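No lab work stands behind these numbers, since they all come straight from the coordinates. Nothing here was measured: the structure is a model prediction, and the numbers come from that model. No Cβ is skipped: glycine too gets one built from the backbone with ideal geometry, and neighbour counts run over all protein chains shown.
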Amino acid sequence: MTPEHADIVVVGAGPAGLAAAASLAGRGMHRILVVDRDDEAGGLPRFCHHPGFGWEYTHRLESGPGLVRRLLRALDPGIITIAIRTSALAVRPGPEIDIVGIECGHVRVRPRVVVLATGIRERPRSARLVPGRRPAEGILTTGQLQQMVARGVPVKGRRAVVVGTEHVAFSILLTARHAGLEIMAMVGAEDRVMSYAGAGLAARFLMGVPIHLSSKIEDIHGSERVESVTLCGPAGTRTIPCDTVIFSGDFIPDAALLPGSGIDIARVTAGPSVDQFGRTSAVGVFAAGNLLRAVETSGLAAIEGARVGTNVAAYLEGMLGWPRDAASIRVGDGLSYVVPQYWAPSAGLGGAVQALPVSLRALADIRRARLSLSEDGQAIWTGHPTKTLRHRRLALPAAALDRLRGGDIALRIDPA
Ligand SMILES: Cc1cc2nc3c(=O)[nH]c(=O)nc-3n(C[C@H](O)[C@H](O)[C@H](O)COP(=O)(O)OP(=O)(O)OC[C@H]3O[C@@H](n4cnc5c(N)ncnc54)[C@H](O)[C@@H]3O)c2cc1C
């Protein structure tokens with residue numbers, strides 16, 4: 001199928017895009033084109049060879065490439081065309097999409113639906129305001145190291161410092177070790193490890209990696225290549241010899257296609273704002289996966305993709321439409337963001353649609369906190385008191401949201 005004949009264009013062949021395509025085909029949709037600018041389908045997981053990918057979606061312990069193989073096996077090439085080395089350049093109202101690819105050249109396509117699943121990108125060090133010199137070699141982001149290792153590009157360094165302590169930082173610890181780097185230290189600005197406590201314990205005691213918390217990089221030394229870093233923390237300043245610094249954790253949605261598309265961008269997440277069906281503010285354009293917010297697991301991204309696929313089918317069958325007729329969900333003090341940002345009444349739609357799982361974040365760690373949901377000032381649901389950790393997803397049962405009827409919706413978190 002050539003791009004001009006596509007009914008549905010999915011941008012991004014990561015877990016979200018591939019799961020969306022599979023679910024669309026499963027609902028009887030045809031002429032589905034998935035484009036990806038990379039030279040293989042699979043998105044970020046294809047660069048991560050350690051296990052822990054896709055669990056929520058497949059309920060299997062798989063590596064990143066294992067998950068990708070599973071997702072690709074589910075696609076019927078007679079119905080779904082995957083065009084690699086093919087980039088979406090612009091999305092405009094219509095929807096209309098400009099695509100440039102190694103096989104198709106530069107084409108303008110007017111499909112009935114566009115599904116955006118472009119994932120995340122990392123902010124470079126320059127955007128993170130890290131002080132110190134700018135040695136020509138030895139400063140990497142997790143994404144760069146991941147790709148070098150996966151593509152067999154030799155990593156020149158021997159001793160690395162990892163900046164960040166969230167899930168991805170621990171994932172890159174394994175990748176760095178695999179590449180032959182000795183990890184001299186992990187450095188975190190926060191007063192605790194931002195990933196699971198067990199990850200910190202395993203790094204410290206099984207891998208012998210010192211973790212410096214409440215600490216920041218004050219200086220990076222070296223001219224040709226990194227020679228050391230100076231940290232500033234509760235124990236004062238200390239200089240750690242190393243030839244590589246790996247920056248992790250500063251991810252933002254890859255929202256390059258949003259300007260000019262007619263899609264509203266959410267202020268905090270910097271991704272498109274969507275309703276529970278994945279509908280953006282632009283007619284015929286849906287979004288799924290980490291583009292919605294940085295960063296959740298590959299399993300969650302795949303679930304979102306699959307559900308958006310179902311909802312696209314409902315749209316094409318005339319059951320969902322635009323304008324979205326959805327009320328915005330206000331997040332009160334103590335909460336950072338909620339995705340989806342809008343909730344539409346769904347009475348009568350039954351199993352034809354599937355709501356996205358809710359991604360919700362608190363701004364601070366609270367030992368015992370209670371999450372509550374109200375509509376027009378009336379309590380709809382109140383959670384059990386539980387420990388909340390900032391940067392960790394908070395659970396909100398779908399059943400609570402199903403009771404909403406389109407009024408003024410508010411979420412808040414209070415110490416219990
Ligand atoms: C270092 C690291 C470690 C991780 N470890 C884990 C882990 O252990 N377990 C886990 O579950 N998750 C992990 N994750 C998270 C996981 O990778 C993501 O949740 C998942 O990849 C999100 O899927 P996605 O489809 O939304 O986006 P992605 O996988 O990022 O896929 C997006 C795709 O869109 C393509 N694209 C973007 N823009 C365009 C365009 N304009 N035109 C065409 N194509 C485009 C990209 O090439 C890419 O292939 C990790 C992430 C990182 C960075």
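Extension gain, Met207 to Asp98, is 34.5 nm, computed as 0.36 nm per intervening residue step minus the present C-alpha separation.
If R0 equals 45 Å, the separation of the Cβ atoms of Ala347 and Thr58 corresponds to a calculated FRET efficiency of about 0.90.
Packing-wise, with mean Cβ within 10 Å as the measure, how do 25-36, 281-292 rank, highest first? Before the final figure, lay out the partial values.
Values: 25-36: 20.2, 281-292: 27.2.
Going from most to least packed, we get 281-292, 25-36.
Hey, what number do you get for the chain at 222 nm if only DSSP H runs of n ≥ 4 count, each worth -39500 (n - 2.57), divided across all residues, to the nearest 500? Taking each H run of at least 4 residues, the total per residue is -5500 deg cm²/dmol. Here the range 30-63 and the range 255-333 have alpha carbon centers that stand 20 Å from each other. Relative to the current alpha-carbon distance between Ala270 and Arg112, full extension at 0.36 nm per residue lengthens the span by 54.3 nm. Would any residue of the range 263-300 have its amide N under 16 Å from a label point 7 Å out along Cα→Cβ of Leu89? List them or say none. Label zone hits: none. Between Asp39 and Asp408, the simple spin-label model (points 7 angstrom out along Cα→Cβ) gives 5.6 nm. Note on Leu363 and Arg225: the extension gain reaches 46.0 nm, defined as 0.36 nm multiplied by sequence separation minus the Cα-Cα distance. With a ≥ b ≥ c taken as the square roots of the eigenvalues of the C-alpha gyration tensor of the chain, please select rounded if a/c is under 1.5 and otherwise prolate if a/b is larger than b/c or oblate if it is not? It comes out oblate by the Cα gyration axes.
In the chain, taking the dipole from charged Cβ atoms about the Cα centre, the farthest positive-side position among Ile183, Ala352, Val295 is held by Ile183.
When only Cα pairs under 8 Å and 6 or more residues apart are kept, what is the percent relative contact order across the range 128-279? Mind showing how you got there, number by number?
On the way: 280 pairs, mean separation 41.7, N = 152.
Relative contact order, the range 128-279: 27 percent.
Placing a label point 7 Å from the Cα of Arg393 along the Cα-to-Cβ direction, the residues of the range 325-362 whose backbone N falls under 18 Å of that point are 336-342, 354-362. Each Lys and Arg contributes +1 and each Asp and Glu -1, all at the Cβ; summed about the Cα centre of the chain, the dipole is approximately 660 debye. Between Ser214 and Arg73, the simple spin-label model (points 7 angstrom out along Cα→Cβ) gives 5.0 nm.
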